[in-house]
Structures are given as structure tokens and as C-alpha cells.
Amino acid sequence: MSSFDLAILDLGRLDSLSYNDTVVHRLDPRAKLLATITFVVAVVSFPKYALTSLIPFFYFPILMVYLANLPLGFLLKKLLVVSPFALFIGIFNPFLDREVFIHLGPIGISGGWISFGSVMLRFVLTVGAALILIATTSFPGICNALERLKVPRLFVVQLMLLYRFVFV
């Protein structure tokens, strides 16, 4: 089996998780979608050097994983698979921003390393929230929620077609 086939099977597992029966799964898809969008906007709205300010945001995904009874290892593995993209984006920050931001004893830490850490935390929080949304709401449910939230029908239909053809 190719790696592409394995990735598709993992998408199928993520989709099958959305049909579980927990408190989170029974919530209205619009509420979950709006909560996730609000969460993502809140996380990305912090300044680039905000590192410790992002830590309290971990309560939301941890609570959702616990209440939805989702397999944490599976979600972390999915995050790990796509992490090179965020790593590639943030890895240049330490080379571009060399000004010492804080001192930990005799060691000076540059603003580039702080912003790199911030990029990685934002990645984990936002992509993790999206994975949790997909694992707790079926894709047709998400599309239905988008339609009921007055997202243009053309966009929703394109998403549904993409979803259907991924498994063909």
C-alpha cells in the first residue's frame, strides 16, 4: 500500500470518529464550527513574541479530546505528519531576528527563537482544533453548518465534491 493510500485510510478513520456518540458529537455542528473559528482567530491574534500567553489556549483542545473520547495518539500522529510545513515556515525566524529578547542566566535567547516557538504553538493549537472539529463532526455536517451559516452554496458544493472524490 502506498503512503497516499495510507493517508486516505487515515482520513477515513478521522471521518469515522465523527460518528461517535458523545456530548461533543451531539452538539450542533454550527456551534462547533463557530467555536473552532473563534478559537483559531483568538490564537492567531496574539503578537509574534507571545509564547506563554498561548499556553492557556491548550485547555480547549484538551477538554474537547477528553469529552469526545478521541484517541489522542492518533490526533498527535496527524499533527506530526503535517508539522514539517509549520517547521519550514518558522525555522527561518532565528536567522532573521537575532536580537536578544530574554536572558536565561548567561544564555541569551533571540526573538527569532521566541517567534519560532510561537509559530509552532499556534500550529499545534489551530491545526489540532481543526482535527478535533473533523473528528467530532462529519464532513457533510460541517458543510450543512456552513450552508446554514449562509456561506455561498457554490463554495459548499465544491467542498462536498472534494470530499466525495477523495475516497474514489
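The values are calculated or read from the model by the stated rules, or taken from the named source; none is laboratory data. Since we're looking at a predicted model, the values are computed, not measured. Cβ atoms come from the backbone with ideal geometry, glycine included; neighbour counts cover every protein chain shown. Accessible surface areas use protein heavy atoms only, side chains included; no ligands, DNA or RNA. Shrake-Rupley method; radii C 1.70, N 1.55, O 1.52, S 1.80 Å.
Laid out as a table, the results:
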item: About the Cα centre, charge dipole magnitude for region 1-122 (Lys/Arg +1, Asp/Glu -1 at Cβ), debye; result: 140 debye
item: Cα centre as origin, Lys/Arg/Asp/Glu Cβ charges: region 94-165 dipole, Debye; result: 380 debye
item: Probe 1.4 Å, accessible area per residue of region 30-74, Å²; result: 61 Å²
item: Approximate shape of the chain as ellipsoid semi-axes (Cα gyration tensor, √5λ), whole Å, largest first; result: 33, 18, 16
item: Phi-based couplings in Hz for region 44-55 (Karplus 6.51, -1.76, 1.60; Gly and Pro marked x); result: 7, 7, 6, x, 5, 9, 6, 10, 6, 5, 7, 4
item: Amide proton proximity set for S138, modelled H, under 5 Å, gap of 5+; result: none
item: Apportionment of accessible area to carbon and sulfur, the chain, percent (1.4 Å); result: 72 percent
item: Reachable lysines, given that their alpha-carbon falls under 23 Å from the alpha-carbon of K32 and they are not under 8 places away in the same chain; result: K77, K78, K150
item: Placed amide H near S110: partners under 5 Å, 5+ positions off or other chain; result: F101
item: Charge context of G112, other residues only, Cβ under 11 angstrom, K/R +1, D/E -1; result: 0
item: From phi via Karplus (6.51, -1.76, 1.60), per-residue ³J(HN,Hα) for region 131-142 in Hz, x at Gly/Pro; result: 4, 5, 4, 5, 6, 10, 9, 4, 4, x, x, 5
